[in-house]
1. Based on what the data block shows, is A:LYS335 assigned by TED's automatic domain parsing to the domain that holds A:GLY208, of a type in the set (D, E, K, R) and either touching a Leu at 6+ places or on another chain (Cβ under 7 Å) or open to solvent by less than 20 Å² (accessible area, probe 1.4 Å) (or both)?
2. Looking at region A:142-152, is at least one residue more than 26 Å from A:ALA262 (Cα to Cα), open to solvent by less than 50 Å² (accessible area, probe 1.4 Å) and either in a loop (DSSP other than H, G, I, E, B) or in contact with a Cys (Cβ under 6 Å, 6 or more places away or on another chain) (or both)?
3. Please work out which one of (1) of a type outside the set (Phe, Trp, Tyr); (2) within 9 Å of another protein chain (Cβ to nearest Cβ); (3) under 26 Å from A:GLY245 (Cβ atoms) is the condition A:GLU399 fails and give its number.
4. Quick one: would you say A:LEU242 is hydrophobic (A, V, I, L, M, F, W, C) and more than 18 Å from A:ALA149 (Cβ to Cβ)?
5. Take B:LEU12 and decide whether it is open to solvent by less than 50 Å² (accessible area, probe 1.4 Å) and touching a residue at least 60 places away in the same chain (Cβ under 8 Å).
6. For region B:48-64, what are the residues that are away from chain A (no Cβ under 11 Å) and crowded, with 22+ Cβ neighbours inside 10 Å?
7. Looking at A:ARG81, A:ARG24, A:ARG11, A:ARG37, can you tell me which residue is part of a loop (DSSP other than H, G, I, E, B) and open to solvent by 20 Å² or more (accessible area, probe 1.4 Å)?
Amino acid sequence: MTTADLQIQERNLFTDWSARATARAADAGEPAWALERRSAAAATAAAMSYPDRGDDLWRRIDFRTAEAGIAGLDPFAPGPRARGVDDLPAPVVARMAGEAGNAGLLVQRDSDVVLEQTHPALEKQGVVLCSMERALRDHGARLADTLGALLHADEDRYAAISETVRSGGAFVWVPDGVEAALPLRLFQWMDGPGRLSAPRSVIVLGRGARATVIEEQLSATAEGLALHLGGTEVFLGDDAKLVYGTLQDWGRNVFHYGNQRARIGRGAELQWIQTLLGGRVVKSHSYFDLAGSGAQAFVHGFMFGDGRQHFHLHTLQRHLADHTTSDLLIKGCLKDHARSVYQGLIQVSEGAQRTDAYQANRNLLLSDTARADSIPGLEILANDVRCTHGATIGNVDEEQMYYLMSRGLQRSEAQRLIVEGFFVPVLDRIPLESVREQLRDAIEHKIG
Amino acid sequence: MSKTPELIVNDLRVAVEGKEILKGLSLQVAKGEIHALMGPNGSGKSTLANTLMGHPRYEVTGGEILFKGLSILEMEADERSRAGLFMAFQYPVAIPGLSVANFLRSALNARLVRPETNGSGTMPQKKGIAPREFRALLKGQMALLKMDESFATRYLNDGFSGGEKKRAEILQMALLKPEIAIMDETDSGLDIDALRVVSDGVNALAGPDLGVLVITHYQRILNYIKPHRVHVMVDGRISVSGGPELALELETRGYDWVRNGKEVTAP
């Protein structure tokens, strides 16, 4: 097939998807402005080409398998509606660890949100938790100036496709001055290969509001490609405080592409935890805008790869106002033939005096064939700032091993304790004990 | 003494990166005894300690180490530990993210649970000491060593002061109950209060079931721990051995006195 043929085929695919997505969305009551944005995104997708190695953000990752297989994927695979937690896939139920009643819950299965279970305590406070479809119907005005405000369809072709076939995702709204009484837990589940999931979520905390939101992405490993193209936008009003965890543990057949954006207002604080365990090839962009004076972002994350997993995490700490703080720690642990790339940039704009920015990337290699790359960067336009960054890549320390073994621990056990300890600074940030426990188990399982 | 000493070091030669450090060292320590090994910097004291414990960097080029009658030269550090050997480190290693309690429970379980597998792949059963029993045991030992309870939840040696590190070593020794313990310059870098706590700990554990080899540069710790025998090490071998009075003599006359060819007595 010639390049021209391929382009025609791709254009036809996006036209077809756009038509089907628009028809579904119109049925679901999506407002005109959102429908228009879909068609515009489809045109953008058709006009752009897939990002290639000429793009600095795509040079170190290989998404060609996803590119080649995308036409065979179904972005509209329906998920069976759940009447309660019991109707959900067992791995999702297991993650709730019996605490489903102590949280606001939203569960997406393939393309559909199948369970929205808020809680009387949250409802009384005016906290909103619902699917993006319901939010577009019932809270259109609140979404008009948030959905797409930080994340644009022309970011790259995947972002454009994601917006074209957008389906599912969560809307969270915490009113001014309200401290959400319970944590909000969001789940995304894919039932098998052949799926393209494209949820878009928006989380808004009003002035002085507080909340904890944990998002988990899960699927069983299966034969055949599945693709996740997700996007999340987070808005913190002045003096708000959000603890947000996004925990990815897809099956090993999933290609993952995620865009996360956060805008942090005056005096507000974001505690961000991001963990990447699953997937086959994983590309994640997390950008933090410290938009108001005194805004703070604390970012803790890890990637743990085995087999032939390949992770690429890109972070951006964007200091747009004075007296802002960002403190970032990303850890990478790689075994077998796994590979990780951490690419992090601190940007300080001209007016952002008295900025305090920190970025650390620590990598631990458990085999000779694993590889970690660390690419830090600084762009500073203000003159009265403190910005530091540092990166390390190394093997398990032999002196640590000797010390533990001198206490009777077998080599494998000593290594397990050291590797588990490596993840602890990130795990410690996870607010729910049961979630922390599950992650600890997943790590232990992965260490083998 | 009629019984065979638990630890017998015979004509031991050790090289590090091709350079010979121990040059035919012999020493015997039995349960119930406290030995002090003194020597100037560079005499090979820490090399001896780490060779006994099984540090992979130290290459034994000659001689033997017998523990309870068996050669341990082929054993890795973890096997030596489980056999009943212990070394308190001069510089304990920090393990960030691993709590003292988690570490100690794992170390105890390594002793309790594990039938030697010989690589046959049989998994040790995941049982070991019950959490409640462990907490009680740990609490008791920490109280004996005048350690704050919060110590258990801190990460092993991570951000510990010099005194805290040494106290943690003694705590490990107390829980692991070795038969022979080597204290590698445990007194270095300690103020007098910490030195007293550490010495009290060693004295509390010493007894008929424990043999101790105190390795030190200074006589100071021997004001608190009373050795039965004192050995002086110079240039990779024991140059002179004697009773407790030898330590005092060294203190007044310095190591040069031994270096300059004092007659060697049998250990």
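1. Details: assigned by TED's automatic domain parsing to the domain that holds A:GLY208: no; of a type in the set (D, E, K, R): yes; either touching a Leu at 6+ places or on another chain (Cβ under 7 Å) or open to solvent by less than 20 Å² (accessible area, probe 1.4 Å) (or both): yes.
Judged against the criteria, A:LYS335 is not a match.
2. no
3. The one condition A:GLU399 does not meet is (3).
4. Taking the combined requirement at face value, the residue does not satisfy it.
5. No, not satisfied.
6. Here is the first cut: in region B:48-64, the residues away from chain A (no Cβ under 11 Å) are B:48, B:51, B:59-64.
Result: B:LEU48, B:THR51.
7. Values: A:ARG24 fails: part of a loop (DSSP other than H, G, I, E, B); A:ARG11 fails: part of a loop (DSSP other than H, G, I, E, B); A:ARG37 fails: part of a loop (DSSP other than H, G, I, E, B).
None of the other options fit; the residue is A:ARG81.
A quick yes/no check of all residues on (1) more than 14 Å from every other protein chain (Cβ to nearest Cβ); (2) surrounded by 15 or more Cβ atoms within 10 Å (Cβ to Cβ):
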| position | (1), (2) |
| --- | --- |
| A:GLN353 | yes, yes |
| A:LEU364 | no, yes |
| A:LEU381 | yes, no |
| A:HIS389 | yes, yes |
| A:MET405 | no, yes |
| A:GLY408 | no, yes |
| A:ALA414 | no, yes |
| A:GLY421 | no, yes |
| A:ARG429 | no, yes |
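The values are calculated or read from the model by the stated rules, or taken from the named source; none is laboratory data. These numbers come from a predicted model, not from an experiment. Note: ideal-geometry Cβ built from the backbone for every residue, glycine included; neighbour counts use all protein chains shown. Areas reflect the complete protein model, heavy atoms only, side chains present, ligands, DNA and RNA absent. Shrake-Rupley method; radii C 1.70, N 1.55, O 1.52, S 1.80 Å.
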